[in-house]
1. Quick one: in region 13-39, of everything that is polar (S, T, N, Q) and surrounded by 17 or more Cβ atoms within 10 Å (Cβ to Cβ), which residue is nearest to Ala107 (Cα to Cα)?
2. Just checking, how many residues over region 7-44 are of a type in the set (Asp, Glu) and modelled with pLDDT under 90?
3. Is at least one residue of region 83-105 assigned to a loop (DSSP other than H, G, I, E, B) and either closer than 30 Å to Met1 by Cβ or out of contact with any helix residue (DSSP H, G or I) (no Cβ under 8 Å at 6 or more places or on another chain) (or both)?
4. With the structure loaded, tell me whether Gly86 is crowded, with 17+ Cβ neighbours inside 10 Å, within 20 Å of Gly31 (Cβ to Cβ) and without any contact (Cβ under 8 Å) to a residue 40 or more places away in the chain or whether it fails that test.
5. Looking for whichever is under 30 Å from Leu8 (Cβ atoms), part of a helix (DSSP H, G or I), under 12 Å from the mean Cα position of the chain (by Cα) and at pLDDT 95 or above here; the options are Ala57, Ala129. Which one fits?
6. For region 35-53, what are the residues that are at negative phi and in contact (Cβ under 8 Å) with a residue 60 or more places away in the chain?
7. Failed condition for His50, given (1) loosely packed, with under 14 Cβ neighbours inside 10 Å; (2) at pLDDT 95 or above, with all others met?
8. Pairs, please: C-beta under 9 Å, at least 6 apart or cross-chain, first residue outside any helix (DSSP H, G or I) and in region 6-27, second not aromatic (Phe, Trp, Tyr)?
Amino acid sequence: MFETRNDLPLATRTQAVRLLNARLADAIDLGTRTKHAHWNVRGPNFIALHELFDQLAEHTEEHIDTIAAAARATSLKPYPENLSEGVAHVRALATARAAFGAGVRAAIDAADTFGDKDSADLFTGMSRAVDKDLWFLEAHLHAKR
C-alpha cells in the first residue's frame, strides 16, 4: 500500500481496499451480464426490456466508476448464456442484482465495523440504486402470463 497522509490506520485502509475490490469484481460481472441480456433478449416486450437492460447497464457502469479500483474475481454465480426469452433474462438479472445488492449491504456493515465511514456511505448510495433497479426488474415478473 502506498504511503499517505490519510489518517485512517493501515489495517483499515487494507480492509477497505479488499472490500472495494470484491464489490468491483461483482459490479464488472453484473455489467457484463446486463449487456449480454441487452443484446440477446427476444420475444414479447423486446424493446421495453432491451431499453431497460441498457439503462441498468449504464447504472452498473456508474457503480464501477464509483468503486474505481482493480479486482480479480466475482462472487456472483455464472450467468446462463443460453437465454434469449425476455422473462428468462429478467429472472437471471434479478437474481444477480439481488446477490450484488446483498454483497453491497454486507460491505456497508463491514466498512462500518472497521471504521471507514466514507466507504460505508459509498456502499449505502449504491445499495439504494441497486434495490431500485431490482424493483424495476421484478415488476416484469409480477405480470400475469
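1. If we filter region 13-39 for residues that are polar (S, T, N, Q), which is where we start, we get 14-15, 21, 32, 34.
Now restrict to residues that are surrounded by 17 or more Cβ atoms within 10 Å (Cβ to Cβ): 15, 34.
Details: Gln15: 11, Thr34: 22 Å.
Out of the qualifying residues, it is Gln15.
2. Taking region 7-44 as the starting set, the residues that turn out to be of a type in the set (Asp, Glu) are 7, 26, 29.
Okay, now just the ones that are also modelled with pLDDT under 90, so 7.
So the count comes out to 1.
3. Step one: list which residues in region 83-105 are assigned to a loop (DSSP other than H, G, I, E, B), which gives 83-84.
Narrowing the set further to residues that are either closer than 30 Å to Met1 by Cβ or out of contact with any helix residue (DSSP H, G or I) (no Cβ under 8 Å at 6 or more places or on another chain) (or both) leaves none.
Within region 83-105, none of the residues are assigned to a loop (DSSP other than H, G, I, E, B) and either closer than 30 Å to Met1 by Cβ or out of contact with any helix residue (DSSP H, G or I) (no Cβ under 8 Å at 6 or more places or on another chain) (or both).
4. On the way: crowded, with 17+ Cβ neighbours inside 10 Å: yes; within 20 Å of Gly31 (Cβ to Cβ): yes; without any contact (Cβ under 8 Å) to a residue 40 or more places away in the chain: no.
Answer is no for this residue.
5. Details: Ala57 fails: under 30 Å from Leu8 (Cβ atoms).
After applying the criteria, what remains is Ala129.
6. Just the residues of region 35-53 that are at negative phi, to begin with: 35-42, 44, 46-53.
Listed by number, the residues that qualify are Leu49, Leu52.
7. (1)
8. Asn6/Arg13; Leu8/Ala16; Leu8/Gly115; Leu8/Asp116; Leu8/Asp118; Pro9/Gly115
The values are calculated or read from the model by the stated rules, or taken from the named source; none is laboratory data. From a predicted model like this one, the values you see are computed outputs, not experimental measurements. Backbone-built Cβ (ideal geometry, glycine too); neighbour counts: all protein chains shown.
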